[in-house]
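Scroll down for the structure; my scribbles are underneath it.
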Amino acid sequence: MIQIKQLTKTFKNTKGLSDINATIESGEMVALIGSSGSGKSTLMRHISGLMCCDPNSGGQIEVLSRIMQRDGKLSKNARKVRAEVGVIFQQFNLVDRLSVMTNVLMGALGRVPTWRAVSNLFPPSERRLGMESLARVGMADKAWQRASTLSGGQQQRVAIARALTQKARVLLADEPIASLDPESSRVVMDILAQIHREDKITVIVSLHQVEYAIRYCPRTIALRHGRVVYDGPSTSLTPSFLQEIYGSQTEELFSPAVDNAMRQQPKNSLNRPAPAPAAA
Ligand SMILES: Nc1ncnc2c1ncn2[C@@H]1O[C@H](COP(=O)(O)OP(=O)(O)OP(=O)(O)O)[C@@H](O)[C@H]1O
């Protein structure tokens, strides 16, 4: 379970986040949407322990029932908690000059002695897991290529394989498809949905385009100006409802190209949303 309480983050002159409260149960797949600057990345960084909330604000984040941070300080358990949290970013996920396999094996660093890792002497069991993870994302044939030779979508798939090798129980994907074309976006989202379904991994994925939230995530948390303006079933995010909560920013969240790509897909490829908690 992930529990976020009274989370507030102030940058020099800007409120990044204001009093965010949310509980995400184990095994949920939740979309985080909002236009540019609404606070999606800032919230993701807080959940992953890369950023701390305002001191003495009462803010707290629990991940997998252990405190990640409280009142502006990381807890002493943060390292252990982080070991179970896989993070995927929009870009800069992989070390370009290393092979795909070595990048994936970085996921095993928490379990492998440093001397083995720096000498690239990962045990056979970890190599097997790395290869299995690559196979699950359809990238086994690229294992020995340099990461720099991969397309953006392929790089994201390798980043997901790294999280699988990490044995992450929570996956935070911060705008993983923002730089991808609709077809690559669909492949990456399909893989995220598949590992969520098969491994019961909790997935939080931040998205610019609401169509993907509706298609893949039963529940959406919508941010605006650092505040939660909606938390509930993604199916309720109709254009008119979004217009109500986002006004003129709604245009940023709908993309005609994505809409067309979605319509052209066979119906049985839909990951149908299940019921989710009521609106906030
Ligand atoms: N390190 C920082 N220093 C100062 N202000 C910041 C910093 N990080 C974020 N902000 C501000 O906090 C607000 C939220 O930013 P954030 O990057 O979380 O938005 P976002 O929803 O992820 O946007 P985008 O979709 O463009 O990535 C913005 O006003 C941003 O300018």
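The values are calculated or read from the model by the stated rules, or taken from the named source; none is laboratory data. Bear in mind that the values here come from a model prediction, so they are computed numbers and not experimental data. Cβ placement follows ideal geometry from the backbone for every residue including glycine, while neighbour counts extend to all protein chains displayed.
Please state which of the following conditions Leu207 fails to meet, knowing it meets all the rest: (1) modelled with pLDDT of 95 or more; (2) within 16 Å of the ligand (Cβ to nearest atom).
Among (1) modelled with pLDDT of 95 or more; (2) within 16 Å of the ligand (Cβ to nearest atom), Leu207 violates only (1).
Based on what the data block shows, is Tyr246 over 22 Å from Val170 (Cβ atoms), at pLDDT 60 or above and of a type in the set (Phe, Trp, Tyr)?
Against the criterion (over 22 Å from Val170 (Cβ atoms), at pLDDT 60 or above and of a type in the set (Phe, Trp, Tyr)), Tyr246 qualifies.
Looking at the range 1-17 only, could you name the residues that are surrounded by 17 or more Cβ atoms within 10 Å (Cβ to Cβ) and at pLDDT below 95?
Selection gives Gly16 alone.
Output the residue which, of all residues in the range 58-78 that are in contact (Cβ under 8 Å) with a residue 40 or more places away in the chain and within 16 Å of the ligand (Cβ to nearest atom), is surrounded by the fewest Cβ atoms within 10 Å (Cβ to Cβ). Before the answer, list the steps.
Our first condition is that a residue be in contact (Cβ under 8 Å) with a residue 40 or more places away in the chain; within the range 58-78, this holds for 58-65.
Those still in the list that are within 16 Å of the ligand (Cβ to nearest atom) too: 59, 61.
Numbers: Gly59: 24, Ile61: 26.
Taking the candidates together, the pick is Gly59.
When you scan the range 1-18, how many residues do you find that are within 15 Å of the ligand (Cβ to nearest atom) and in a strand (DSSP E or B)?
Final tally of qualifying residues: 9.
Can you tell me which residues in the range 97-115 are in a helix (DSSP H, G or I) and surrounded by 14 or more Cβ atoms within 10 Å (Cβ to Cβ)?
Of the residues in the range 97-115, the ones in a helix (DSSP H, G or I) are 100-108, 114-115.
If the condition is that a residue be in a helix (DSSP H, G or I) and surrounded by 14 or more Cβ atoms within 10 Å (Cβ to Cβ), then Val100, Met101, Thr102, Asn103, Val104, Leu105, Met106, Gly107, Ala108 are the ones that fit.
Output the residues belonging to the range 51-81 that are over 14 Å from Leu172 (Cβ atoms) and outside any loop (DSSP other than H, G, I, E, B).
Hits for the range 51-81 are Gln60, Glu62, Arg66, Ile67, Gln69, Arg70, Lys73, Leu74, Ala78, Arg79, Lys80.
From the list Glu211, Glu175, which residue is at positive phi and either among the polar types (S, T, N, Q) or touching a Phe, Trp or Tyr at 6+ places or on another chain (Cβ under 9 Å) (or both)? Steps first, please.
Details: Glu211 fails: at positive phi.
After applying the criteria, what remains is Glu175.
Which members of the range 35-57 meet the condition of being of a type in the set (Val, Ile, Thr) and away from the ligand (no atom under 11 Å from the Cβ)? Explain how you work it out, then say what you get.
Residues of the range 35-57 of a type in the set (Val, Ile, Thr): 42, 47.
Correct list: Ile47 only.
Take the conditions farther than 26 Å from Leu207 by Cα and in contact with a helix residue (DSSP H, G or I) (Cβ under 9 Å, 6 or more places away or on another chain) and apply them to Leu17. Does it pass?
Numbers: farther than 26 Å from Leu207 by Cα: no; in contact with a helix residue (DSSP H, G or I) (Cβ under 9 Å, 6 or more places away or on another chain): yes.
Judged against the criteria, Leu17 is not a match.
Mind counting the residues in the range 19-32 that are in a strand (DSSP E or B) and acidic (Asp, Glu)?
Count: 1.
Here is a yes/no grid of residues against (1) more than 22 Å from Phe254 (Cα to Cα); (2) hydroxyl-bearing (Ser, Thr, Tyr); (3) touching a residue at least 24 places away in the same chain (Cβ under 8 Å); (4) in the same structural domain as Thr23 (by TED's automatic domain parsing):
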site	(1), (2), (3), (4)
Ser125	yes, yes, no, no
Met131	yes, no, yes, no
Met139	yes, no, yes, no
Leu150	yes, no, yes, no
Ala178	no, no, yes, yes
Thr202	yes, yes, yes, yes
Ala213	no, no, yes, yes
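Kindly establish whether Ile88 is under 20 Å from Thr220 (Cβ atoms), at pLDDT 90 or above and within 16 Å of the ligand (Cβ to nearest atom).
Judged against the criteria, Ile88 is a match.
Can you tell me which residue is nearest to Asp19 (Cα to Cα) among those in the range 210-235 that are within 16 Å of the ligand (Cβ to nearest atom) and of a type in the set (Ser, Thr, Tyr)?
Per the criteria, the residue is Tyr230.
Is it true that some residue in the range 33-50 is assigned by TED's automatic domain parsing to the domain that holds Phe254, in a strand (DSSP E or B) and more than 24 Å from Arg79 (Cα to Cα)?
Taking every residue of the range 33-50 in turn, at least one turns out to be assigned by TED's automatic domain parsing to the domain that holds Phe254, in a strand (DSSP E or B) and more than 24 Å from Arg79 (Cα to Cα).
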